[in-house]
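The values are calculated or read from the model by the stated rules, or taken from the named source; none is laboratory data. On a predicted model such as this, the values are computed, not experimentally measured, just so you know. With ideal geometry, Cβ positions are generated from the backbone for all residues, glycine too; neighbour counts draw on all protein chains shown.
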DNA sequence: ACGATAATCTACTAAAACAATAGGATAACA
DNA sequence: TGTTATCCTATTGTTTTAGTAGATTATCGT
């Protein structure tokens with residue numbers, strides 16, 4: 001149970017977009033530089049976010065990416081599910097057909113609770129919250145003056 | 001963020017042991033049959049649980065495996081960490097050295113919260129709880145009369 | 001002592017997921 | 001019309017996962 005780089009990179013990338021919300025579009029190159037992520041890899045991650053309707057793009061010179069919705073309306077859960085996949089700890093959570101195994105129902109309950117715990121966190125935080133946290137830590141940190 | 005079969009199988013296996021706690025040792029073969037898991041694969045998973053001190057074994061005829069501690073003293077977190085690994089959503093949670101990236105601290109906080117949410121669930125449940133749940137669902141289920 | 005039983009140990013492997021990399025096509029601006 | 005930057009498709013090396021295979025060792029009942 002480890003986050004993929006896909007999710008970590010992608011979350012940082014979309015946060016960069018959120019930090020620039022309302023300003024000019026942000027280019028892949030710029031994000032990749034700021035976040036120290038491979039240009040080409042990031043391209044694919046952003047494509048996923050775009051396909052999910054979280055991000056939109058402008059082509060050509062002075063183009064780039066921006067949020068497709070205001071940051072208040074983007075919950076981290078959407079981003080997470082887009083990048084990380086469906087977050088189904090066990091198959092039987094989605095396909096609760098007859099389960100022949102004796103000890104399975106009890107463990108399934110636990111996997112369900114884990115899923116709900118994770119979703120609980122991700123549903124309660126929006127990109128706007130992240131932006132706020134990010135700006136606050138910028139102010140108080142020695143590193144980001 | 002999906003559970004590995006390692007963890008799902010292993011959890012079911014140790015629950016089988018918990019269900020037989022106080023009785024005769026349970027053999028790999030038996031568990032593998034009941035839980036429909038490859039004999040040889042299960043062998044390795046149980047070895048992990050044994051190395052972690054959660055399970056002990058008796059060799060030879062009428063041998064097998066049993067819990068090393070009473071089920072009340074085994075929290076799911078121990079089992080989970082043994083099978084799934086350290087559950088570190090992001091490396092920087094463990095190595096909080098200077099982080100050059102602007103938007104990173106905010107996402108790191110989120111990964112921390114996810115970790116705590118998962119641990120919260122896993123710390124609050126013991127094998128004894130699972131046994132109780134398991135027996136209760138046996139009683140009320142049509143499938144397990 | 002002997003044979004059956006069941007754990008233990010080590011090595012190998014097929015398949016999938018992951019983390020990129022490469023290169024060209026397309027659209028838009030100037 | 002050239003430059004910029006997105007878009008699209010394919011390929012690749014590495015790691016992890018989920019097993020298989022086979023030999024060895026300890027223990028018990030007879």
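Quick notes on this structure:
- The single condition among (1) in contact (Cβ under 8 Å) with a residue 40 or more places away in the chain; (2) more than 15 Å from DNA strand D (Cβ to nearest atom) that residue A:66 does not meet is (2).
- Failed condition for residue B:82, given (1) in a loop (DSSP other than H, G, I, E, B); (2) at negative phi; (3) modelled with pLDDT of 95 or more: (1)
- Residue check: residue B:8 meets all listed conditions (1) within 14 Å of chain A (Cβ to nearest Cβ); (2) closer than 27 Å to residue A:4 by Cα; (3) surrounded by fewer than 20 Cβ atoms within 10 Å (Cβ to Cβ) but one, namely (3).
- Any hit, the range A:53-75, residues being within 14 Å of DNA strand C (Cβ to nearest atom), assigned to a loop (DSSP other than H, G, I, E, B) and in contact with a strand residue (DSSP E or B) (Cβ under 9 Å, 6 or more places away or on another chain): yes
- Scan of the range A:38-52 for residues that are in contact with a helix residue (DSSP H, G or I) (Cβ under 8 Å, 6 or more places away or on another chain) and within 10 Å of DNA strand C (Cβ to nearest atom), ordered by number: A:38, A:39, A:41, A:42, A:43, A:45
- The range A:1-37 - residue that is within 20 Å of residue A:87 (Cβ to Cβ) and in a loop (DSSP other than H, G, I, E, B) and, of those, farthest from DNA strand C (Cβ to nearest atom): A:1
- Across the range A:25-58, the number of residues qualifying as over 23 Å from residue A:73 (Cα atoms) and within 10 Å of another protein chain (Cβ to nearest Cβ) comes to 4.
- Of all residues in the range B:120-132, those satisfying the criterion of being touching a helix residue (DSSP H, G or I) at 6+ places or on another chain (Cβ under 7 Å) and either part of a helix (DSSP H, G or I) or modelled with pLDDT under 95 (or both) are B:120, B:121, B:122, B:123, B:127, B:128, B:130, B:131.
- Scope the range A:11-24; condition facing chain B (nearest Cβ under 9 Å) and within 14 Å of DNA strand D (Cβ to nearest atom); matching residues: A:13, A:16
- Test result for residue B:23, surrounded by 13 or more Cβ atoms within 10 Å (Cβ to Cβ) and modelled with pLDDT of 95 or more: no
- Among the residues listed as A:42, A:135, A:93, the single one being assigned to a helix (DSSP H, G or I) and at pLDDT 95 or above: A:42
- Test: residue in the range B:40-49 that is under 30 Å from residue A:8 (Cα atoms), crowded, with 21+ Cβ neighbours inside 10 Å and touching a residue at least 60 places away in the same chain (Cβ under 8 Å): no
- Residue within the range B:73-82 that is away from chain A (no Cβ under 14 Å) and surrounded by 15 or more Cβ atoms within 10 Å (Cβ to Cβ) present: no
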